[in-house]
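Engineer: Would you mind keeping the following structure in view while I ask a few things?
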Amino acid sequence: MAGVKRKILLAPLDPVHDIGLKVIKRGLEKAGHETILLPPDLTHEEVIKAIIENDVDVVLISRTLGYGVAELLARFIDLAEAAGIREKVKIGIGGMAIKPELAAELGFDAGFGPGTTVEEAIAFVEGREYVPVNYTQEKQKVDITEGYTYAFKNKNIESLLLKITDGILDYVKGLSTPGIKRAQIREKILDEKDEKTKDILRREYASYCDEMIKAFYEKGTLKNKTRFLTEKEIASLKDYVERTNENLQITRLQHIKENPVVFAQYGTGCPFMDIAHIKVCEAWGADGVVHFDPSWGARTEGFYEGYITHEEDGSVITYENLKRIKDSLLPSTLWQVRAHRGLNTPETVLLAGKLGADLTKINIAYGSLGGGTDPERLTVDAVEAIKYAARFNMPFDVVTNEELCGVPAFKAFAGMLITVMLGIRLGAKPILQPLFCYSPEVMINGRMENNYVDFNAAKIIALRNIIDAPIWCGAPIGFLTQTEDRVQSSLSTALHASLASSLGVDAITIASADEAYSGGPISAASRVDTLRAVQASFRFFGNCSITPSENAEKWAQELIEGIERVLYRVSTSESFVKALYDGILGSREDGAYPGRAGQNSTFR
C-alpha cells in the first residue's frame with residue numbers, strides 16, 4: 001500500500017549496466033522507501049543471498065542485454081523458489097529485452113520494457129495500480145493575452161498612436177462597404193430560422209457580391225476547379241474524425257511551461273485534407289492551428305455556402321467548411337481563422353466569432369501594402385472587423401508580413417502598432433506578431449550576415465520596450481532561412497523556436513519542413529519532422545537562454561527611433577489612408593504597393 005515504507009533490493013543481472021536502477025533508486029528514496037543497490041556482474045546465488053540477508057520486501061532486477069535472457073531469468077526464478085523467498089518477496093524485472101508477457105511466463109510479478117517510467121516502478125513497489133499521466137486529457141487551451149495590461153512604456157509612441165487612431169475613427173464614421181453590408185446580412189442569415197426569409201436575405205447578400213459569387217446565389221454555379229463535397233465524402237469525413245479522436249494520444253511538445261504555444265497553419269484547399277493535417281499536428285503536440293484562406297477568396301466580394309473543396313492555394317471559407325473543421329478539433333486546440341488582408345475581412349471575423357474560434361488576424365498595413373487590398377477599403381473594413389473581434393472576445397494578431405515584400409521592420413512595426421492601438425481603443429485584445437525571418441531588409445543591410453539571433457532579438461526587445469502586450473512570432477518563424485532539405489528546414493525552425501522561447505514570447509507559428517519551398521502538396525511526414533525538431537530543441541535548452549550580442553540592444557533602439565519617425569509622419573499626414581497611399585508605411589521603393597482590390601467601393 002502507498003504510504004508504507006518498504007525495503008527494496010535493486011540488482012543488475014548484467015556485466016556492467018546499472019544506470020536504470022540508479023534512476024529508479026533515486027525515485028524510490030524520494031518516495032520514502034529504503035533501497036539497497038547491488039553492483040553489476042554478481043552471480044544468481046549472490047543476489048539470492050543478498051535478498052535473504054537484507055530481508056527485503058521487493059526485488060527489482062534489470063537485464064539490459066538481450067542474449068540468453070529467457071534462460072537466464074528462468075534460472076533466477078528457480079533459485080528464488082528453491083531458497084523459499086518467492087512467496088514472501090515481490091520480484092519485478094525490467095530491461096530493453098523485457099516484455100510483460102515474457103516476465104509473466106517466466107514467473108515474475110511484473111515486467112517493465114523500454115519506456116517504463118520511475119512512477120510505474122514505484123507503483124509496483126507500493127502495490128497499487130499505475131495510472132499514467134494522460135496528457136491528452138490534461139491539456140488545456142492557453143490564453144495568450146492573459147496577464148498583459150496593454151500599458152505603453154514609450155509615452156511618445158503612445159501619444160502619436162492616439163492621434164493617428166483618433167483620425168482613423170473620425171475617417172471611417174458614416175462609411176460602409178460591401179464587405180460590411182455582407183457581414184450584417186450574413187449574421188441575419190445565420191440567426192434566421194425561416195427558409196423563405198433566408199432566401200430573401202441571400203438575394204440581398206448577392207447584391208453586394210461580385211459577378212462570380214452572384215452567379216452562385218442566382219444560378220448555383222461555382223468557380224472553375226471548385227466543387228461541392230459529395231454526401232459520401234462528408235459521411236466518410238465524419239467517420240474519420242470520430243475514429244481518429246477516439247484513438248488520438250497527444251505528444252507533449254513543451255518541455256517547460258515557459259516554452260511558447262506552438263501553432264501550425266493549414267490550407268490544403270480541401271476540408272477533408274485540412275482535418276487530416278490538423279489531426280497529425282494535434283497528435284504531435286501542436287497547441288493551435290491557423291486557417292489559411294485562399295487568395296481568390298480575399299480578392300472576391302462575397303463567400304459561397306456549403307461544403308466546398310477546390311484546387312487552389314488555401315481553403316475555401318464558408319460557414320459549413322469552418323464548422324466542420326471546428327467540430328473536428330480537440331477541446332484543447334486553439335483555432336485561428338485569418339481575416340487580415342482581403343475584401344471579406346468583416347464577414348470572416350463574424351463567421352469565426354459565430355463558430356467559437358479562439359483567435360483571428362487583422363492588419364491594415366500589410367493587407368493594403370502587401371495583400372492587394374485598397375487602403376481605404378481595408379481601413380473601413382478593418383475597424384468593423386475589430387469591433388466584431390471585441391464583441392466575440394476574440395484576440396487578433398497583427399502580422400508584419402509586409403517585411404517579406406521588402407518593407408523595413410521599423411515601418412512594418414509602425415503599421416502594426418497603429419492597428420494594435422485601434423484594437424485597444426475598440427475593446428479588443430491585439431497580439432503583436434513580428435516576423436522571425438531572413439527578410440529582404442536584412443539581405444540588403446547585412447544584419448544577419450553573422451547570425452540569425454541579434455536582429456530577431458532586437459525586434460522583441462524593441463516591442464517589449466514600447467508596450468506590455470503579448471507577442472506571437474510568425475508567420476511562420478524562420479521564413480526564408482529554410483531550404484528544400486527537410487532536415488535543414490526542420491533544424492532551422494527548431495533553432496528559431498528556441499530563440500523565441502529564450503526571448504520569452506508567448507506563441508510561435510511553425511511551417512512543415514516542406515512548406516516554404518513545396519512544389520506540391522505539403523506532406524504529413526514533413527509536419528512531424530518540424531514538430532519533433534521543435535520538441536527536441538525545447539528539451540535541449542530547457543530554461544537556458546540564448547544570449548544575443550551587443551548589436552541586439554543597439555538595433556532595438558534604432559527600431560524604436562525609426563518607429564517614432566514613421567508615426568510622426570503618419571500623424572502629420574492628411575489621413576492614415578493617405579499615408580498608406582503615399583508610402584509612409586512602406587513605399588514602392590521598399591517593395592510595397594497599395595492594393596487595388598475594392599478600390600472606390602466605400603460609401604456613406
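Engineer: Along the charge dipole of the stretch 416-475, Cβ charges K/R +1 and D/E -1, which of M416, Y452, A462 sits furthest on the positive end?
Structural biologist: Most positive-ward Cα: M416.
Engineer: Still on this structure, please answer the following. To the nearest 20 Debye, how big is the dipole of the stretch 186-317 about its Cα centre, given +1 on the beta carbon of each Lys and Arg and -1 on that of each Asp and Glu?
Structural biologist: 120 debye
Engineer: Enumerate by residue number the trypsin sites (Lys or Arg not before Pro) in the stretch 519-603 meeting two conditions: DSSP loop (anything except H, G, I, E, B), and at most 16 other Cβ atoms within 10 Å of the site's Cβ.
Structural biologist: The qualifying sites are R588, R596.
Engineer: Sticking with this structure for a sec: Below 24 Å, Cα to Cα, which lysines can K7 reach? Residues fewer than 8 away in the same chain don't count.
Structural biologist: K22, K25, K30, K49, K88, K90
Engineer: For a quick check of your reading of the filter: which GluC sites (Glu not before Pro) in the stretch 273-333 sit in a DSSP loop and have no more than 11 other Cβ atoms within 10 Å?
Structural biologist: E311
Engineer: OK, next. Rounding to the nearest 20 debye, state how big the charge dipole of the chain is about its Cα centre with +1 on each Lys and Arg Cβ and -1 on each Asp and Glu Cβ.
Structural biologist: Dipole magnitude for the chain comes out near 1540 debye.
Engineer: When the Karplus curve 6.51 cos²θ - 1.76 cosθ + 1.60 is applied with θ = phi - 60°, which whole-Hz ³J(HN,Hα) does each residue of the stretch 97-113 get, with x for Gly and Pro?
Structural biologist: Per-residue couplings from phi come out as 9, 9, 10, x, 5, 5, 4, 5, 5, 7, x, 7, 6, 7, x, 10, x Hz.
Engineer: Can you work out the FRET efficiency for the pair A235 and D485, with r the C-beta to C-beta distance and R0 = 60 Å, to the nearest 0.05?
Structural biologist: The calculated FRET efficiency here is 0.90.
Engineer: I've got another one for you. Which part of the stretch 20-57 falls in the paramagnetic zone of L72, meaning amide N under 18 Å from the point 7 Å along Cα-to-beta-carbon?
Structural biologist: Zone members listed by number: 20-22, 38-49.
Engineer: Pull out a ≥ b ≥ c, the square roots of the eigenvalues of the alpha-carbon gyration tensor of the chain, then state rounded if a/c is under 1.5, prolate if not and a/b is larger than b/c, and oblate in the remaining case.
Structural biologist: prolate
Engineer: Report the label-to-label distance for E105 and E45 in nanometres (one decimal), using points 7 Å from each Cα along the Cα→Cβ vector.
Structural biologist: Spacing of the two 7 Å Cα→Cβ label points: 3.0 nm.
Engineer: Hey, another quick one. Counting other Cβ atoms within 10 Å of each Cβ, which chymotrypsin sites (Phe, Trp or Tyr not before Pro) in the stretch 482-558 have at most 14 and sit in a DSSP loop?
Structural biologist: Here the sparse-neighbourhood loop sites are Y517.
Engineer: Within 10 Å, count the other beta carbons around each residue, average over each peptide in 226-235, 386-395, and list them highest first.
Structural biologist: Most protected by this proxy first, the peptides run 386-395, 226-235.
Engineer: Looking at T43, I157, L329, which one has the Cα that reaches farthest to the positive end of the dipole of the chain (charges on Cβ: Lys, Arg +1; Asp, Glu -1)?
Structural biologist: It is I157.
Engineer: Also, quick follow-up: Once you have the Cα-Cα distance between K5 and E558, take 0.36 nm times their residue separation minus that, and quote the gain in nm to one decimal.
Structural biologist: Gain in length upon complete extension: 192.8 nm.
Engineer: Restricting to the chain, what percent of DSSP beta bridges are antiparallel, rounded to 5?
Structural biologist: 10 percent
Engineer: Moving on to the next point. Rounded to the nearest 20 Debye, what is the dipole magnitude of the stretch 39-160 about its Cα centre when Lys and Arg each give +1 and Asp and Glu each give -1 at the C-beta?
Structural biologist: Dipole size: approximately 600 debye.
Engineer: Restricting things to alpha carbons, find the Rg to Rh ratio for the stretch 282-432 using the Kirkwood radius for Rh.
Structural biologist: Rounded to two decimals, Rg/Rh equals 0.96.
Engineer: Heavy atoms only, probe 1.4 angstrom, no DNA, RNA or ligands counted: give me C270, C209 ranked by accessible area, highest first.
Structural biologist: C270, C209
Engineer: Apply 1/(1 + (r/R0)^6) to the Cβ-Cβ distance of D55 and D191, taking R0 = 60 Å, and write down the FRET efficiency to the nearest 0.05.
Structural biologist: Plugging the Cβ-Cβ distance into 1/(1 + (r/R0)^6) gives 0.20.
The values are calculated or read from the model by the stated rules, or taken from the named source; none is laboratory data. Model, not experiment: these values are computed from the prediction. Backbone-built Cβ (ideal geometry, glycine too); neighbour counts: all protein chains shown. These area figures cover heavy atoms from the full protein model, side chains too; ligands, DNA and RNA do not enter into them. Shrake-Rupley method; radii C 1.70, N 1.55, O 1.52, S 1.80 Å.
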